[in-house]
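Working notes, beginning with the structure itself.
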Amino acid sequence: MSNNELIKRREAYAKGMEKNSFSLLYAGKSLYKSKDQTFPFTTNKNFFYLTGLRREKFILLIRNAEASHFEFLFIEEPSDYATKWLGSRMTKEEASKVSGIDPSNIFYLNDFEAFVAGRILMDSRVAIAKLPENLYLDLFRQYTMTKPNSLEVFHNIIETYPELAIKDACGILDNIRRLKSDSEVLEISKAIEYTNKGIQAMMKAVKPGVNERELEALFEFSIKVAGSEGTSFNTICASGKNATILHYESNDQVIEDNTLLLTDLGALSNNYSADITRTYPANGKFTERQKQLYQLVLDVNKEIISLVKPGIFLGDLNTKANELLAEKMIKLGKIKTKEELHKYYYHSIGHYLGIDVHDVGTYKTKLEPGVIITVEPGIYVSDEGIGIRIEDDVLVTKDGHINLSSAIIKEIDEIEAFMKK
Ligand code: GLY
Ligand code: MN
Ligand code: MN
């Protein structure tokens, strides 16, 4: 991502804030796991979106003023200990190069609170502007009725300056993040290419008797060899009946003959996600029944993709997918009325995709050129041990759409030909 693009994003964000405000965004910190172990670190996506940086504990401060805005970054101070035990810390120059923030506006975290107190929240000679009235924070809640993490991280400032009105930065950022630039579309396309490599390796390697976890490992290996930094979410590698569990992540069962394998997975490219599902036969050949159900899902997948265009709602696609699936399941004799569909299909048709797998954007906003959505119908027949989902990543364009994952095979004859040993 060029730092010019990042500079423009910060400009757009600062314009979105009410007059006389400042904003604090925290990069996050890896979560404690056990003893002296932590979970792998993932940068807060709003912080990443505005800085391009993927380092723990950094803070971005943006202060809007009459004609423009000021931006400051706080980073960890290099130390001998950190260099020897944890790897070199980023220097101010490096952080500036990635983010486009002027090196003279980059400070160490130790100075953070004194800086906020002295230059933002005090009517002093060195103050940047008059006293701000609003503080914008990322108020995303991980769970309902829990405090947003930012309130904990910045509690000292919030409690010491109760006159500040707290505002949510997410509203502004969601609007900007929703529409993808050309370079973002390119990153997601690269993530999809890596994912394709991983799926192809799995299709070639799968056979009855293999454990699901071997294929999960092969996926991760293959995307990393291709150039990806890793997976965009926990891989779902579900054979037979396991595929009827939507978020099956245990991936620890032996794959049986004559079953289908549902693989819902994605690679990252520079922190941008792919989210693809492909379903294929463990032994390389669909049974007649599997073909019947697979073709049904595939037809809906293709029909819904063909409807994607600006001006409609994701909710419209959802309604249509339900209608089509119900119609086809009635024709197949599996259900009698459309109300029964929920027994075999129990999720929605898709979501927005970006730096988050379930990216910003709602069912209540019209699709516009530049948004990327997933289209992922499925059918889950537990009593027959069959779960099928086919998921593609689709860019909305001025004239309609581009299926970014069209190169990942999904026709029955293509899959069987590819898997032939
Ligand atoms: N992989 C999660 C989803 O498809 O939404
Ligand atoms: Mn998925
Ligand atoms: Mn999805």
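The values are calculated or read from the model by the stated rules, or taken from the named source; none is laboratory data. Note that this is a predicted model, so its numbers are computed, not measured. In this analysis, Cβ positions are derived from the backbone assuming ideal geometry, glycine residues included, and neighbour counts consider all displayed protein chains. Ligands, DNA and RNA are excluded from the accessible area calculation, which covers all protein heavy atoms including side chains. Shrake-Rupley method; radii C 1.70, N 1.55, O 1.52, S 1.80 Å.
Might you let me know whether the range 110-123 holds any residue that is touching a strand residue (DSSP E or B) at 6+ places or on another chain (Cβ under 6 Å) and within 21 Å of Thr43 (Cα to Cα)?
Among the residues of the range 110-123, at least one is touching a strand residue (DSSP E or B) at 6+ places or on another chain (Cβ under 6 Å) and within 21 Å of Thr43 (Cα to Cα), which makes the answer yes.
Which of the residues that make up the range 308-323 are without any contact (Cβ under 8 Å) to a residue 60 or more places away in the chain and surrounded by fewer than 18 Cβ atoms within 10 Å (Cβ to Cβ)?
If the condition is that a residue be without any contact (Cβ under 8 Å) to a residue 60 or more places away in the chain and surrounded by fewer than 18 Cβ atoms within 10 Å (Cβ to Cβ), then Gly311, Ile312, Phe313, Gly315, Asp316, Asn318, Thr319, Lys320, Glu323 are the ones that fit.
In the range 246-258, is there at least one residue being under 15 Å from Ile188 (Cβ atoms), of a type in the set (Val, Ile, Thr) and open to solvent by 20 Å² or more (accessible area, probe 1.4 Å)?
no
Mind listing whichever residues of the range 17-47 are within 20 Å of Val360 (Cα to Cα), open to solvent by less than 20 Å² (accessible area, probe 1.4 Å) and not polar (S, T, N, Q)?
Once the filter is applied, which keeps residues that are within 20 Å of Val360 (Cα to Cα), open to solvent by less than 20 Å² (accessible area, probe 1.4 Å) and not polar (S, T, N, Q), the range 17-47 yields Met17, Leu24, Leu25, Ala27, Gly28, Phe47.
Only one of these is under 29 Å from the mean Cα position of the chain (by Cα), part of a strand (DSSP E or B) and modelled with pLDDT of 95 or more: Arg54, Arg63. Name it.
The match here is Arg63.
Going by the structure shown, is Ile305 open to solvent by 70 Å² or more (accessible area, probe 1.4 Å), farther than 16 Å from Met203 by Cβ and within 16 Å of ligand 2 (Cβ to nearest atom)?
Considered against the rule, which asks whether it is open to solvent by 70 Å² or more (accessible area, probe 1.4 Å), farther than 16 Å from Met203 by Cβ and within 16 Å of ligand 2 (Cβ to nearest atom), Ile305 comes out as no.
Quick check on this structure: which one of Asp393, Asp356 is within 16 Å of ligand 1 (Cβ to nearest atom) and either more than 21 Å from Ile236 (Cβ to Cβ) or open to solvent by less than 40 Å² (accessible area, probe 1.4 Å) (or both)?
Answer to the check: Asp393.
Identify all residues within the range 1-13 that are over 21 Å from Pro148 (Cβ atoms) and either assigned to a helix (DSSP H, G or I) or of a type in the set (Lys, Arg) (or both); write none if there are none.
Matches in the range 1-13: Asn3, Asn4, Glu5, Leu6, Ile7, Lys8, Arg9, Arg10, Glu11, Ala12.
From the list Ile335, Ile388, Ile372, pick out the single residue that is crowded, with 18+ Cβ neighbours inside 10 Å, more than 19 Å from the chain's Cα centre (by Cα), within 16 Å of ligand 1 (Cβ to nearest atom) and among the β-branched types (Val, Ile, Thr).
After applying the criteria, what remains is Ile388.
Can you tell me which residue is nearest to ligand 1 (Cβ to nearest atom) among those in the range 270-279 that are surrounded by 24 or more Cβ atoms within 10 Å (Cβ to Cβ) and more than 12 Å from Leu353 (Cα to Cα)?
The extreme case among them is Thr277.
Yes/no matrix, rows are residues, columns are (1) open to solvent by 30 Å² or more (accessible area, probe 1.4 Å); (2) under 25 Å from Ala267 (Cβ atoms); (3) among the β-branched types (Val, Ile, Thr); (4) in a loop (DSSP other than H, G, I, E, B):
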site	(1), (2), (3), (4)
Arg119	yes, no, no, no
Ser124	yes, no, no, yes
Leu131	yes, no, no, yes
Leu135	no, no, no, no
Thr144	yes, no, yes, yes
Asp174	yes, yes, no, no
Glu216	yes, yes, no, no
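Determine if the range 191-206 includes at least one residue that is open to solvent by 50 Å² or more (accessible area, probe 1.4 Å), within 16 Å of ligand 1 (Cβ to nearest atom) and either in a loop (DSSP other than H, G, I, E, B) or among the polar types (S, T, N, Q) (or both).
Checked against the condition, which is being open to solvent by 50 Å² or more (accessible area, probe 1.4 Å), within 16 Å of ligand 1 (Cβ to nearest atom) and either in a loop (DSSP other than H, G, I, E, B) or among the polar types (S, T, N, Q) (or both), the range 191-206 yields no hits at all.
Looking only at residues in the range 231-245 that are assigned to a helix (DSSP H, G or I) and open to solvent by less than 20 Å² (accessible area, probe 1.4 Å), which one is nearest to Leu268 (Cα to Cα)?
Ala243
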